[in-house]
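Working notes, structure below.
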Amino acid sequence: MKVMMVAGGTGGHIYPALALADILVRQDPSSEVVFFGSNDRLEAKIIPEKGYRFIGADMESTSGGIVSKVRSVLSLLHAEQSAVKILRKEKPDICIGFGNYISVPLIRAAHRLHIPTLLHEQNSYAGKANMYLGKMADGVVGCYSSNLKQFPQGKVYLYGNPQASAAADVTYDPAILKQYGLDPEKPFVLVMMGSLGSASVSKAVDEACPYLSDDYQVIIVAGKSNSYQFQNTEKDNIRVVDYVDGKVMLKGCALAVLRAGATTMAELSAIGCASILIPSPYVPNNHQYYNAQELSLHGAAVLLEEKDMNAKSLSDLINALMADEGRREKMKAASRALGKTDAAEKMIALCREISHAGTV
């Protein structure tokens, strides 16, 4: 089976696509995956580094004023014409879009050429691009029950995020804590605000540190581009680092304090982890809030909005949960119950069905 995927803009769109590609190629080495995206966004760097062929086009963001929007529409129409030529040459069995305006040219072009198409929606509140493309796509793979109401009836498959399949198999060795100068025998809280970090959350976490109990350890993942300078993390049981393998640390922690991005939510539920979720208020459609709400309503997480977060509210909540192992275990079980650990495998089977590409 030959698959052309389009994923770009942010890691939340790119990494689920890469996880699906990796599992497809591992499952069937004869399969071929080609990526399409923007020449000047994150995908143009990350995807080739992962060993996949990448074909880029010039596309401008849909954000900004009227002039920017007009330029964006023109660039997307031009990219669609390029995509038509690319598809005629590549002849994929199916095209898969992972959201964002970058998906629009390829999926529209595939639809024009009668090539089967599939979309993946990572969030509980679907993005505008996928909502638009859903009318023409042959199928939409969603992660939340709310997606059923956002796309045409009969097209939605609640299989989850392919990142969950990658996270389900991760292993954790407590000895890893030694490299941070921490005790492998003592539980730890993981505070992680995404690869870039969050200055606003970091400030609240920093101010909360003096009030956190000494009965557990804390690993704060600041993020590689976080400008905030921590000042209150000199306690022996607290460490600040730029980066960790998130899936591995989620597997080992007693409690996680996280943003509520789509990839994080997929990994969290696949692993089964008790968490405090602080959704970013700076994302389109406030979709992180709705992602977090889904887990909170099922008792798998505690939702703490950034507007309600301060040193006291955060430290009190962390201390209370770390003192209540029974509640944390119930949260872990609820989280695991929401996990869709075979998302990639089900999505691959759906691709074969839609494209009539046969089986391995």
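The values are calculated or read from the model by the stated rules, or taken from the named source; none is laboratory data. Just so it is clear, the model here is predicted, and its values are computed rather than measured. Neighbour counts run over all protein chains shown; Cβ positions are idealised from the backbone, glycine included. Only protein heavy atoms, including side chains, enter the accessible area calculation; ligands, DNA and RNA are left aside. Shrake-Rupley method; radii C 1.70, N 1.55, O 1.52, S 1.80 Å.
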Q: May I ask you to say which residue of ALA266, ALA256, ALA260 is in contact with a Cys (Cβ under 9 Å, 6 or more places away or on another chain), buried (at least 16 other Cβ atoms within 10 Å of the Cβ), outside any helix (DSSP H, G or I) and of a type in the set (A, V, I, L, M)?
A: ALA256
Q: Return the residue satisfying two criteria in turn: it lies in the stretch 315-360 and is assigned to a helix (DSSP H, G or I) and among the hydroxyl-bearing types (Ser, Thr, Tyr), and of such residues it is farthest from ALA137 (Cα to Cα).
A: SER315
Q: Output the residue which, of all residues in the stretch 1-30 that are in contact with a Lys or Arg (Cβ under 7 Å, 6 or more places away or on another chain) and closer than 26 Å to ALA270 by Cα, is modelled with the highest pLDDT.
A: LEU18
Q) Which pairs do you get when a residue that is free of Cβ contacts under 8 Å to residues at least 60 places away in the same chain, found in the stretch 74-99, comes within reach of a residue that is among the acidic types (Asp, Glu), reach meaning Cβ atoms under 7 angstrom, with the pair 6+ apart or on two chains? A) SER75/ASP58; SER75/GLU60; ALA79/ASP58
(Q) Quick test for you: out of GLY97, GLY56, pick the one residue that is closer than 21 Å to HIS114 by Cα and of a type outside the set (Asp, Glu). (A) GLY97
Q) Do you know which of the residues in the stretch 269-319 that are open to solvent by 30 Å² or more (accessible area, probe 1.4 Å) and polar (S, T, N, Q) is farthest from VAL218 (Cα to Cα)? A) ASN285
Q. From the list ALA57, ALA21, which residue is in contact (Cβ under 8 Å) with a residue 24 or more places away in the chain, under 16 Å from ILE96 (Cα atoms) and not basic (Lys, Arg)?
A. ALA21
Q. Which members of the stretch 268-277 meet the condition of being within 15 Å of the chain's Cα centre (by Cα) and under 23 Å from SER202 (Cβ atoms)?
A. LEU268, LEU277
Q. Cβ-Cβ below 7 Å, separation at least six or inter-chain, first residue in the stretch 208-231 and open to solvent by 50 Å² or more (accessible area, probe 1.4 Å), second part of a loop (DSSP other than H, G, I, E, B): which pairs?
A. PRO210/ASN232; ASP214/ASN237; LYS224/SER195; LYS224/LEU196; LYS224/ASP242; LYS224/TYR243; SER225/LEU196; SER225/GLY197
Q) Looking at ASP242, is it under 25 Å from LYS330 (Cβ atoms) and among the acidic types (Asp, Glu)? A) no
Q. Hey, does the stretch 291-298 have a residue that's farther than 25 Å from LEU18 by Cα, assigned to a helix (DSSP H, G or I) and either without any contact (Cβ under 8 Å) to a residue 40 or more places away in the chain or in contact with a His (Cβ under 7 Å, 6 or more places away or on another chain) (or both)?
A. yes
Q: Among what's in the stretch 1-19 and is of a type in the set (A, V, I, L, M) and within 13 Å of the chain's Cα centre (by Cα), pick the residue that is surrounded by the fewest Cβ atoms within 10 Å (Cβ to Cβ).
A: ALA19
Q. Among the residues of the stretch 143-157, which ones are closer than 26 Å to CYS273 by Cα and modelled with pLDDT of 95 or more?
A. TYR157
Q | Among (1) within 29 Å of ASN147 (Cβ to Cβ); (2) over 18 Å from the mean Cα position of the chain (by Cα) - the single one MET265 does not satisfy | A | (2)
Q) Among the residues of the stretch 151-166 satisfying the criterion of being polar (S, T, N, Q) and under 28 Å from GLY246 (Cβ atoms), which is surrounded by the most Cβ atoms within 10 Å (Cβ to Cβ)? A) ASN161
Q.
Out of LEU177, LEU190, I need the residue that is of a type outside the set (Val, Ile, Thr), touching a residue at least 12 places away in the same chain (Cβ under 8 Å), surrounded by 15 or more Cβ atoms within 10 Å (Cβ to Cβ) and part of a strand (DSSP E or B). Which one?
A. LEU190
